[in-house]
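The values are calculated or read from the model by the stated rules, or taken from the named source; none is laboratory data. Note that the structure is predicted; figures quoted are calculated from it, not measured. Don't worry about glycine lacking a Cβ; one is built from the backbone with ideal geometry, like all the others, and counts go over all protein chains shown. Note: accessible area is taken over every heavy atom of the protein model, side chains too, but ligands, DNA and RNA are not part of it. Shrake-Rupley method; radii C 1.70, N 1.55, O 1.52, S 1.80 Å.
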Amino acid sequence: MNSPQTSRRGGYPSSPRSAQKGKPVNLLKLAALFPAVIFFMELVTRISTYGDMTFKQFFYILLFSVSGGALLGLIVSLIRNKTAVRIVSIAVPAALIILYGAHIVYFNIFEVYFDWENIGMAGEAAAQFGDMLASGIVKSLFPIFLMALPVIAMAIFIKRLTFYPVKRVPTVIPMLLTAVMLLGFLLPTLVLTADKGDESDFEYYKRPTDLETPLTFGILTGTRLNLARILFGIGEGTALPGDNIETGPGGEIFQTTGGDDPNPPDSNTGDGTGSETQPPDPPKEYGYNILDIDFDSLIANESDKDIKAMHQYFSKLSGTKQNEYTGYFEGKNLVFVSLEGFSHKAIIPELTPTLYEMANGGFVFKNFYNSVWGGSTSTGEYANLTGLFYNKVKCMRTFVGEEKHYMPFTLGNQMKALGYSTYAFHANSYTYYGRDKSHPNLGYTYLGIGNGLENLTSAEGKSFANTFKIGSNNTVKPWPTSDEFTAQVTIPTLLESAANGPFHAYYMSISGHAKYNFGGNAQSKAHRDEVEAYCLSKGLNYSDNVKAYLACQIEVDLMMKAFIEAFEDAGILDDTVFVLSADHFPYDLEDAELAELYGLPNEKVTSNFDLYRNALIIWSSSMEAPVTVEVPCSAIDILPTVSNLFGLPYDSRLMMGVDVFSDQEPLVILNCDGGPSWNWINKYGSYRSGKGFTVNPAYEVDADSLNAYVKSMNSLASARRKYAFAIIENDYYAHVFSKK
């Protein structure tokens, strides 16, 4: 006879309460919580960073969350130890808090999501810029707290969810969870494969990138694809479109409306239609800025399909024509400065008079843009130096390793080949971003803090070593360092070089580095009184952080003033050209502060194209009159434009930017909405991914012609993006010039 305390099957309790415990419903409840918790974390992360999402993104993230949660539930259902079930059920969601929280913190610093490939650089940045990390963590505390709430609740109630005897879990439970997992994975995958277009979601799923994948498919899926690429090479490389880039009607389809023409006949549009000043004795017949490259032979002897596709593509391009500005600055010295976090809004006559004069007295670029390719100085500096663009923070570190990439067209390498003395300076740790490896490969003798810059002395005998405190990690205190002081200690080196021939000096400035406040930013504090007096005189009610931003950028003006005065005294000012361009807009400012500085609406300010409008300064005191450049252009156009101005031998087919004075119009490519949103701007209007083309009011065009034109330009923008990536990923220049 059976005891009243046991059932007839299996010897388990048979009371109503005990029988209820024997049902698998509680384990299913636990398994169902996992997708809900993951999806909740995805939503919190998305809302606290980008703020919204498209319906398709919501669909992808929801189903991939269900799939990932079902997988976790399946794992738990197969564990036969209650304690282990409870540990895994809490430990895994807790680990996900760290994953999602890291993305939120990283976004609050760099405006993009985190990539595991950059984990070493993230640690380096934390050591160098602890204040930015601390600020990012503080801004991320509330969303991280929200994500922790369901995990805390699960920890409290976990015993109530796991009391079913785990050794007797019915087979139907893991089977059900497997079905849910597969459905959640396969359904969005089927939707993805329905569209395999050039810029489709499938393209970013198949070949994941730092920006598009986590934004489109969620952090969990983005992490999975990201790690698969890094660890196993899955999805590595860029899908090249081939040499049959679709072309439609050109700019001839646009007719002027009779209103304000953005390219009036008496201004230089970058296509040879005229200028405010005439260079001396321009040649009447112009050749092309191309080199003698035997593409037919390269194609015939190439076995690698990607390299061959690149040969085929570039062989079909004509390159850009030389023009009246070819060789305009030939033989002159060049000082090129990438400006940290600079904005044209900092060019104010009362605060930065030298910059104001340079910006309005040389080549005056009315429509210049800086994109934020990967949310860092590195990607902006890379675009300035190479005429290419890339959306990986580690792009500069691509040049390091046993076989350094061959980069023949950088100004350092081009001018070094002509006998110039070439230097690169940066008043921060010389190893940061791997510049000690990348910049020598770009053609420069590179000096930072730790490998020689600290010992250079100014005319007054001052140096970083005897004036400032240098820490064990080669950082200088107080922080950030002074751009003016950097100019003062390097000028003697340049003057010594000038006595023996022309020089080219490249600087990555640092005084404009975040954070922007009057508490910890040494350069903001140094120039606070000037900004306060200016705002008082103009009746401007700027917030303190905006004032601090303007204050630290005064250092750039003082840097230029130091150069100009020293070169004038040495009699070489007329023989020197200055090129200044930002690496990115001041993204450390809050959206409301950016709106305040730029005079833009606060709503979605980081998606506003005007936030990426900036100054490009190309100036020499030898110029008789300013030259206005109306055509829209961007950072990738600097290298070909300056190369043409100096008459350097380069191949314009192998750069993604173009000489703004040539017969080809630049195409400004912006990634400012996050994810697969490669927007573009040219003289005829602007295209925003998913929203279409906005025609410049000065032009009109019929709808059919416009549709064909937009399709053609989208194809061109995509090709330039992909071939820009492929050039660096495949060390392409080495293949072209037999340096492999």
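In this structure, the amide hydrogen of Asn614, modeled 1.01 Å from its nitrogen in the peptide plane, lies closer than 5 angstrom to those of Phe368, Tyr369, Asn370, counting only residues at least 5 positions away or on a different chain.
In terms of the mean number of neighbouring beta-carbon atoms within 10 Å, the peptides 147-156, 288-297 order highest first as 147-156, 288-297. Stokes-Einstein diffusion of segment 617-740 at 4 °C, 1.567 mPa s viscosity, Kirkwood radius from Cα pairs, rounded to a whole number: 78 µm²/s.
In the context of the full set of protein chains, residues of segment 55-102 present 42 Å² of accessible surface per residue (probe radius 1.4 Å, heavy atoms only).
Heavy-atom accessible surface of segment 529-676, averaged per residue, reaches 30 Å², computed with a 1.4 Å probe. In terms of overall dimensions, segment 463-587 has a Cα radius of gyration and Dmax of 16.4, 51 angstrom. Taking Ser135, Ser318 and ordering them by how much accessible surface each has at a 1.4 Å probe, largest first, produces Ser318, Ser135. Working from label points 7 Å from Cα in the Cα-to-Cβ sense, the Ile293 to Val92 distance is 5.0 nm. Per-residue Karplus couplings for segment 626-639, computed as 6.51 cos²θ - 1.76 cosθ + 1.60 with θ equal to phi - 60°, are listed in order as x, 10, 8, 10, 8, 4, x, 8, 8, 4, 6, 8, 5, 4 Hz, Gly and Pro entered as x. When peptides 419-427, 359-367 are ranked by their average number of other Cβ atoms within 10 Å per residue, the highest-first order is 419-427, 359-367. Both the radius of gyration and Dmax for segment 396-496 are 14.4, 42 Å, in that order, over alpha-carbon atoms. Taking amide H atoms as placed 1.01 Å from N in the peptide plane, the amide H of Gln664 lies under 5 Å from those of Lys321, each 5 or more residues away in sequence or on another chain. Each of the peptides 74-83, 584-593, 463-472 was scored by the mean count of other Cβ atoms within 10 Å over its residues; in descending order, highest first, they stand as 584-593, 74-83, 463-472.
Near the amide H of Gly341, within less than 5 Å, lie the amide hydrogens of Asp583, His584, all on another chain or at least 5 residues away, with H placed in the peptide plane. Distance from the C-alpha centroid of segment 316-357 to that of segment 601-636: 10 Å, rounded to the whole angstrom.
In order along segment 490-498, the Karplus-derived 3J(HN,Hα) couplings, from 6.51 cos²θ - 1.76 cosθ + 1.60 at θ = phi - 60°, round to 9, 4, x, 5, 5, 5, 5, 5, 4 Hz, and Gly and Pro are given as x.
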